[in-house]
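Read-outs: derived from the displayed coordinates by stated rules, not from any lab. What you see is a predicted model; the values in this text were computed from it and never measured. Backbone-built Cβ (ideal geometry, glycine too); neighbour counts: all protein chains shown.
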Amino acid sequence: MKLKLAALITLAASPAMAASKNPFSAEFWKLSNTDMIVLIAFIIFVGVLIKFGVPGMLTGLLDKRADGIKSDLDEAKALREEAQTLLASYERKQREVQEQADRIVTSAKEEATRSAAQAKEDIANSVTRRLAAAKDQIESAKASAIRDVRNQAVTVAVAAAQDVIAKQTTAASANALIDDAIAEVGAKLH
C-alpha cells in the first residue's frame, strides 16, 4: 500500500516538475521556480563579470601566461642549442685529446724501440771494447810472462855459464879475460 501511495505522489509531482524545467511553459517563469531563479542569478553574475572586464582580465592573464610559456620555450630552445654547441665542442676536444694521446703513445713506442736498439748497439760496442781490452790485457800479460821467462832464462843461463866458466877458468885465463875486457872497454870509450 505504501508503494501505491508513493507511486501516485510521484506521478502527481512529475508534470509540475516537467513544466518547471521547460522554459516555454508558464510554470517556468514563476518566482517559485528555482530553475528560473538560478538562471536569473547566473545572467546577473555573467553581466557583473562582463561589466568589470573580468573576461578581458582573464584573456590578458592567459596571454601573459602564453607569453611566459613562449619565452620559457624560447629560452629552453636557446639553452638546448647552447648545450648542443658545448657538447659538440667537448666531443671535438675529446677527439683532439684522444688523437694527441694516440700520437704520444705512438711516439713513446717509437722512442722506446729506438732506445732499445741504441741500448743493444751500446751493449754490443761495450762488449766489443771489453773483449778488445781483455785481449790487450792477455797480450800484455803474455808479453810480460815471456819477458819474465826470458829474463829468468837469461839469469839462469848467466848463472849456469858463470858456474861453467868458474869451473873451467884458471887464474891465468881469468887474468887474460879481464885484460881483454878492459882493453875492449877502453877501445869503445875512446
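A few points about this structure:
- The angle separating the long axis of helix 54-168 from the principal Cα axis of greatest extent in the chain is about 10 degrees.
- Most positive-pole-ward Cα, Ala83, Gly68, Gln152, against dipole of the chain from beta carbon charges: Gly68
- Pairwise centroid distance, computed over Cα atoms, of region 162-190 with region 78-129, Å: 90 Å
- Cα-based reach from Lys30 at 29 Å (exclusive), listing lysines while leaving out same-chain residues under 8 positions away: Lys21, Lys51
- Recomputing Cα Rg over 2.2 N^0.38 Å from the coordinates shown identifies the correct label among (i) 4.24; (ii) 0.95; (iii) 1.05 as (i).
- Rounded to the nearest 20 debye, the dipole size of region 2-142 about its Cα centre is 640 debye, using +1 on the Cβ of Lys and Arg and -1 on the Cβ of Asp and Glu.
- Tensor-based shape of region 124-190 (alpha-carbon gyration tensor, a/c under 1.5 rounded, otherwise prolate or oblate): oblate
- Once exposed loop chymotrypsin sites (Phe, Trp or Tyr not before Pro) are cut out (DSSP; at most 10 other Cβ, 10 Å), longest piece of the chain: 53-190
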